[in-house]
Amino acid sequence: LRRNPTRLPHHGVEFPLGFVPRAISSSEGGEEANDAVLVRMTAARLAYPQTTAAATATATTTHPLDLSVLRPAGTGPGVGGGGGGGGGGGHALLGPNGSGKTLLLHSLIEASGCSDPPVGGPHLRSGSLEFLETESDLAPTRDRNGNVLAPPRPRLRHVSFSSHSSLLDRGGTVHRAIGGSSLSPAAKFLVVRFGLFHLLHRDVGTLSTGEVRKVLLVRALSARPRLLVLDNAFDGLDVPSRSNLSDLVSRTLRGFRPDILVNGIEASSAGRTQVLISTHRHEEVVPEIGTVSWFRNGGGGG
C-alpha cells in the first residue's frame, strides 16, 4: 500500500487522502507520467458554491489538494499509435457521508463542462484542476476513408441520485432516454450488453430502480466519455441490483470484449472509459479498481 500524505480538511475537520492498493510506479516517487494522467488537481482548494456574498465570504474551503486520476489500462497516447498506454484500473473515493467526496466530484463535473443535470459552481477557489488532453482526445473518430463516424469523445459523464431523479422527471421511453430518435453504434452495443433490449419501448417511469441505473449507465457510456463518474450510484438498490451494478462497473473497467455479435457492431464502438466511483461502502469497490483514496472524519454534507 502506498500512503498519500495529502490532507483535505472539510468543514473544519481534517482527513487523510489516499491508500493506493497497487504497485508503486517505476519512478518510486509516486509521480505518474503525464501521458498516463486523465485529470490532475494541483494545490486545489475547493468549496461548495454559496448563494450570497456574505455566505461566500464565510464558506469553508479545503486545504490544498493534489490528486490524479489515471487513464484506464491499455489506453492513452501510443495505444495503437505511440506513447504512454494508460495507468491502470479505476479510481474509488471511499469514506463516510459528509467527508467531502461529492464536493470533489462536483468540482470535476463542473470543470469538465459536461454537467447534466447541473451541479452549480464554482467549486474551485484556487489552484488548478485540468483535464490533460492529447491530440487523439480532441480528434473525431473516422473510418478508413477518413469519414467522420463520431465527434470527439466528451471529457466526462456522470451518474448520481440527481441524474436518476432527472431521468424520471423527463419521462419518455428507454429508447428516447438513451439515444433520442436513433441509437448510436455504441448505444446499440451497450443496450444488448446490459440486457436492456427488451425494455427499449417501455416508459422509464415503469422501470425498477436497478433498471433505471442501467439506463443511466448506458446513456452515459454510449457517449464514449473519457471519464465516468459514479456518485453513490448504488444508493437505493436492493442486494441483487447492487451485485448487478458491480458487475457492470467491472465489465466497463475491463473493456468490452467482442464475444457476442450486436448487429455487426464491434466492441470498440463503446470505447474505453475510466471510472471514478464515490461510495461509503467498501464492498462497492470492485476488484478492477486500481486506486482508492480514503476519506474519513468528515463534518458536513457531501
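The values are calculated or read from the model by the stated rules, or taken from the named source; none is laboratory data. All of these numbers come straight from a predicted model, not from anything done at the bench. Don't worry about glycine lacking a Cβ; one is built from the backbone with ideal geometry, like all the others, and counts go over all protein chains shown. For accessibility, only protein heavy atoms count, side chains too; no ligands or nucleic acids. Shrake-Rupley method; radii C 1.70, N 1.55, O 1.52, S 1.80 Å.
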Any pair with Cβ under 7 angstrom, 6 or more apart, that starts in region 185-205 at a residue that is free of Cβ contacts under 8 Å to residues at least 12 places away in the same chain and ends at one that is open to solvent by less than 70 Å² (accessible area, probe 1.4 Å) and in a helix (DSSP H, G or I): F197/V191
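Being assigned to a helix (DSSP H, G or I) and either surrounded by fewer than 21 Cβ atoms within 10 Å (Cβ to Cβ) or of a type in the set (A, V, I, L, M, F, W, C) (or both): is that true of L228 here? Break it down stepwise before answering.
Working: assigned to a helix (DSSP H, G or I): no; either surrounded by fewer than 21 Cβ atoms within 10 Å (Cβ to Cβ) or of a type in the set (A, V, I, L, M, F, W, C) (or both): yes.
No; evaluated as a whole, the condition is false for this residue.
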The number of residues in region 198-225 that are more than 23 Å from P72 (Cβ to Cβ) and open to solvent by 10 Å² or more (accessible area, probe 1.4 Å) is 12
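Before we move on, is V249 of a type in the set (A, V, I, L, M), closer than 28 Å to P151 by Cβ, modelled with pLDDT of 90 or more and open to solvent by less than 10 Å² (accessible area, probe 1.4 Å)?
Values: of a type in the set (A, V, I, L, M): yes; closer than 28 Å to P151 by Cβ: yes; modelled with pLDDT of 90 or more: no; open to solvent by less than 10 Å² (accessible area, probe 1.4 Å): yes.
No, not satisfied.
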Residue in region 157-175 that is modelled with the lowest pLDDT, counting only those that are surrounded by 17 or more Cβ atoms within 10 Å (Cβ to Cβ) and touching a strand residue (DSSP E or B) at 6+ places or on another chain (Cβ under 7 Å): S160
Going by what's in this entry, would G100 be described as touching a Leu at 6+ places or on another chain (Cβ under 9 Å), small (G, A, S), surrounded by 17 or more Cβ atoms within 10 Å (Cβ to Cβ) and modelled with pLDDT under 60? no
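Check P154, P122 and return the single one that is out of contact with any helix residue (DSSP H, G or I) (no Cβ under 6 Å at 6 or more places or on another chain) and modelled with pLDDT under 80. Talk me through it step by step, then tell me what you get.
Values: P154 fails: modelled with pLDDT under 80.
After ruling out the rest, the residue left standing is P122.
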